[in-house]
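To keep things clear, I will list the structure first and then write my remarks on it.
All of the numbers you see were taken from the coordinates with simple rules; none came from a lab. Small disclaimer: the values here were computed from a predicted structure and weren't measured. Here the Cβ positions follow ideal geometry from the backbone for every residue, glycine too, while neighbour counts run over all protein chains shown.
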C-alpha cells in the first residue's frame, strides 16, 4: 500500500528531490544577495531541462515542456504555469516548497494572444506584496511578451537584470552539489562503458546514438544529448537528426554523451574511437588533446581568469599546428548543460574553489581530429578530474 506525506507528496512518483538542507542553503544565500542589492523578488522562467536551470536551482521543480514562471522572494515562491484558468500549475506530488501561489493559465508560446497571461498574474502578485524592485534572471530565457507587459504595466517598480548575481551564486558548488556532480559523472561512465558493445562497422551513427539514449532513459536521466560522428580522418559530433552516416572500416568515431542525471545535474563525457588501427597522425592528435586538456585543467586554480586559460590553449594549439578554437572549449555546468564560467575572452567571472566544469579542447588538422572530454572541479591545486575512466584512444576491431 502506498503511503503519502501530509503534503500529499508521493515518493514513488518524485524520487529525486533535492535535500531540504541544501535547498535552505540556496534560499539563504540568494535572499542575502537580494537584500544586499535591494531586490524584492526575482523573475525566473523554465520550459525545458537543458537551459533555464536557475528556476530548478531555487524551486527544485523539473518543469515540463509547457512553460512555468516563478517569482522568488523573501516570502516564498509563486508559480505561474500552463494549465486551466483558475487551476494549479503544479500537482501536489511535484510542487516546490515554500509555495505562496500556485496558479495555472492557458499560456502557450506559440499562441500570440496568450503572451500576457503569465505576466498579468505576476503583476497581481507584485502589487499585492507592494514590491518595488524586481530582478529578471536569464534574460535570454524569459519570453519577450512577459518582459514587455511587466515593464510597461508596473510603472512604480524598478527593474534590474539579476542574472550575474545568480550566476555567481550557482557557479560555486556546495559539498552536496559536488556529490551530485560526481554521481552524474559516474552515470556517464556507465553509459560510455557500453560503447564497445554497441559500436560496429555497418551501423549508422544514429543507431549507435539511439542505443546510448535508451540506456540513459533507463537510468532515469531527465534529459540527454548524444552526439556521434564518423569520418575517415576528422570526426566531429552530429546532432541526432543528422546522424545518418554508415560507419565504415577505418573510420574514426567521435562520441559525446551529455546527460542530466536523476537529480538534474548535467555532466558530459566524450572519447574518440577508431574502427581498426589508428594512424600515427590520429594517435599524435589524441595524445596532444589529452595533454592539453590536463594542462589547461591544472591552470584552473582559484583566482584564475578563464579567458587567460582560453588564450593559452589557443596559443598551444597554433604552436602545435592545430586549428585554434573560435568558440570555447571549457564551461561550467549544473542545472544548465552549459553554464558560467565560460572559458572565453569575454568571461568576467574568475574561478573559485568548488566550481565544476567540463573541459574539451580539440586537436584538429588536415590529417586528424581528436577530442577527450571530462568534468573537473576547481581545487587549490588546480582542476581535479572527476571521471575515472582512462583517457585513451579506443580501438574497436571485431
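Across segment 274-398, the relative contact order, built from alpha-carbon pairs under 8 Å that are at least six residues apart, equals 34 percent. In the chain, Cα pairs under 8 Å separated by at least six residues give a relative contact order of 14 percent. Each label was represented as a point 7 Å from its Cα along the Cα-to-Cβ direction; for residue 219 and residue 201 these points are 2.9 nm apart. The fraction of all Cα pairs in segment 257-307 landing in successive 5 Å bins from 0 to the largest distance is 4, 14, 15, 15, 19, 17, 9, 5, 1, given as whole percents. Taking the Cα atoms only, what angle lies between the long axis of helix 20-36 and the longest principal axis of the chain, rounded to 10 degrees? That helix lies at roughly 70 degrees to the long axis. Extension gain for the segment residue 123 to residue 147, taken as residue separation times 0.36 nm less the Cα-Cα distance, is 7.5 nm to one decimal. At R0 = 22 Å, how high is the FRET efficiency between residue 315 and residue 380 if r is their beta carbon distance? Nearest 0.05 is fine. Computed FRET efficiency for residue 315 and residue 380 comes out at 0.30. Projecting label points 7 angstrom from Cα along Cα→Cβ for residue 299 and residue 130 puts them 5.4 nm apart. Packing, as the average of other Cβ atoms within 10 Å across residues, places the peptides 295-306, 193-204 in the order 295-306, 193-204, highest first. Here residue 108 and residue 51 are evaluated by their C-beta separation; at R0 = 22 Å the FRET efficiency comes out at 0.70. Given a Förster radius of 35 Å and the C-beta distance between residue 327 and residue 155 as r, what FRET efficiency does 1/(1 + (r/R0)^6) yield to the nearest 0.05? Result of the calculation: an efficiency of 0.25.
Relative to one another, the C-alpha centroids of segment 229-297 and segment 123-183 are positioned 37 Å apart. Remark: relative contact order (segment 137-265) = 24 percent; criterion is Cα-Cα distance under 8 angstrom and separation of 6 or more residues. Cβ-to-Cβ counts within 10 Å put 213, 25 in ascending order as 25, 213, the fewest first. Extension gain for residue 395 to residue 308 (0.36 nm times residue separation, less C-alpha to C-alpha distance): 27.8 nm.
Going from the residue with the fewest nearby Cβ atoms within 10 Å to the one with the most, 335, 329 rank 329, 335. Can you tell me the orientation of helix 280-298 relative to the chain, as the angle in degrees between its alpha-carbon axis and the longest Cα principal axis, to the nearest 10? That works out to roughly 40 degrees.
With equal scatterers on the alpha carbons only and no solvent term, can you work out the Debye log10 of I(q)/I(0) for the chain at 0.10 1/Å? Those come out to -0.72, one per q. Taking the fewest neighbouring Cβ atoms within 10 Å as the starting point, the ordered list for 224, 343 is 224, 343. Note the angle between two axes, namely the Cα long axis of helix 144-153 and the longest principal axis of the Cα atoms of the chain, as a number of degrees from 0 to 90, rounded to the nearest 10. Helix 144-153 and the main axis of the chain meet at about 30 degrees. Taking every alpha-carbon pair in segment 175-395 and binning the separations at 5 Å intervals from zero gives 1, 8, 16, 19, 20, 17, 12, 6, 2, 0 percent.
Across segment 273-299, the residues whose backbone nitrogen lies under 13 Å from the label position 7 Å along the beta-carbon direction of residue 233 are 281-282.
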